[in-house]
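*Asks:* Structure in structure tokens, see below.
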Amino acid sequence: MKTAKVISLLVLAALSWSSVSSAAGSKASSKQLNVSEDIDSLGGNQELAEMAQNIKSETRSRVVQERLVQRRNRIEFGLSYGGVIGGDSYLKTQSAGFAMDYHITPRWSIGARYYDYGNSLTDEGKRVYDNARKNVQAGGTGYAVDIDYPENAMLAVVNWYPIYGKTSFLDMGVTQFDMYLLAGGGQITLSSGSTGLATAGIGVAAWISKHLSARAEFRYQTYKDSPVTGSRQLDTGVATLGLGWIL
């Protein structure tokens, strides 16, 4: 009888332990299944969850995967205005330009440029000219300012666009920009005649819309002029601002 009681107690203990384990497992499983819901609802606090969803990060960034402007097999026209830096110390020159570029791919384009130049004397040039005029009026000898000013130029150029990017200005929207290098050559017409011209430069274009861009460009150019005192090599810089329109 004692043996039977012992066996009965062991069986009851085993059944009790199985029931407890099964209940605990069921609770753990239920709790595990509800973890994601708890996280989404921030532990069941619905008001707190809604506040978290309405928060806008001050450091939010925007990512745009596609180009705003596709330039493959497209023609672009441009207008520019700028000034010539360096060169003849007696001369101050501005340039108004027209450009046409054919975009072979988004990275490469070929084009033609035409520039019309306007010239005036610098303060030093005016001083020399005024002194010469006074000497002539006084019956002496006057020495003219020795300059050979540019009138216009035509160039053929190759453009390479190695850098392309997008930025957000004052969180008003995404702006696409391109940085490019250019090189080319052509002919410049001076007051003494025409001569060869070589150029190289760098520029950046910011696209205002899918057709309109604002451009800033700086070019180095070199050529020979022929003033009265003899031929000389002039190395100048040209800085321009302009607009482009792509068809």
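*Asks:* Which count do you get for residues in region 163-180 that are in contact with a strand residue (DSSP E or B) (Cβ under 9 Å, 6 or more places away or on another chain), modelled with pLDDT under 90 and not acidic (Asp, Glu)? Please lay out each step first, then the result.
*Replies:* Kept after step one, since they are in contact with a strand residue (DSSP E or B) (Cβ under 9 Å, 6 or more places away or on another chain), are these residues of region 163-180: 163-169, 174-180.
Filter once more, so that each one left must be modelled with pLDDT under 90: 163-169, 174-178.
Remaining after also requiring not acidic (Asp, Glu): 163-169, 174-177.
Number of matching residues: 11.
*Asks:* Related question: Assuming residue 232 fulfils every condition listed in (1) surrounded by 15 or more Cβ atoms within 10 Å (Cβ to Cβ); (2) without any contact (Cβ under 8 Å) to a residue 40 or more places away in the chain; (3) basic (Lys, Arg) apart from one, which condition is it?
*Replies:* (1)
Residue-wise test of (1) under 27 Å from the mean Cα position of the chain (by Cα); (2) surrounded by 19 or more Cβ atoms within 10 Å (Cβ to Cβ); (3) of a type in the set (Phe, Trp, Tyr).
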site	(1), (2), (3)
208	yes, no, no
218	yes, no, yes
221	yes, yes, no
236	yes, no, no
239	yes, no, no
242	yes, yes, no
245	yes, no, yes
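*Asks:* Let me ask something additional. Out of the strands (runs of 3 or more DSSP E) lying entirely within region 172-247, which hold 3 or more residues that are within 15 Å of residue 87 (Cβ to Cβ)?
*Replies:* On the way: elements: 174-190, 193-207, 212-225, 232-246.
In region 172-247, 193-207, 212-225, 232-246 are the strands (runs of 3 or more DSSP E) which contain 3 or more residues that are within 15 Å of residue 87 (Cβ to Cβ).
*Asks:* Note down all Cβ pairs under 9 Å where the first residue falls in region 185-198 and is without any contact (Cβ under 8 Å) to a residue 24 or more places away in the chain, the second is of a type outside the set (Lys, Arg) and part of a strand (DSSP E or B), and they're at least six residues apart or on different chains.
*Replies:* 194/187; 194/188
*Asks:* In addition: Given (1) at positive phi; (2) not assigned by TED's automatic domain parsing to the domain that holds residue 213, identify the lone condition not met by residue 86.
*Replies:* Condition (2) is where residue 86 drops out.
*Asks:* Next up: Go through region 22-141 and tell me which helices (runs of 4 or more DSSP H), entirely inside it, have 1 or more residues that are at pLDDT below 65, surrounded by 10 or more Cβ atoms within 10 Å (Cβ to Cβ) and of a type in the set (Asp, Glu). So that I can check it myself, show each step before the final result.
*Replies:* Numbers: elements: 35-40, 46-54, 123-137.
The qualifying helices (runs of 4 or more DSSP H) are 35-40, 46-54.
The values are calculated or read from the model by the stated rules, or taken from the named source; none is laboratory data. Keep in mind that this is a model prediction, so the values were computed, not measured. No Cβ is skipped: glycine too gets one built from the backbone with ideal geometry, and neighbour counts run over all protein chains shown.
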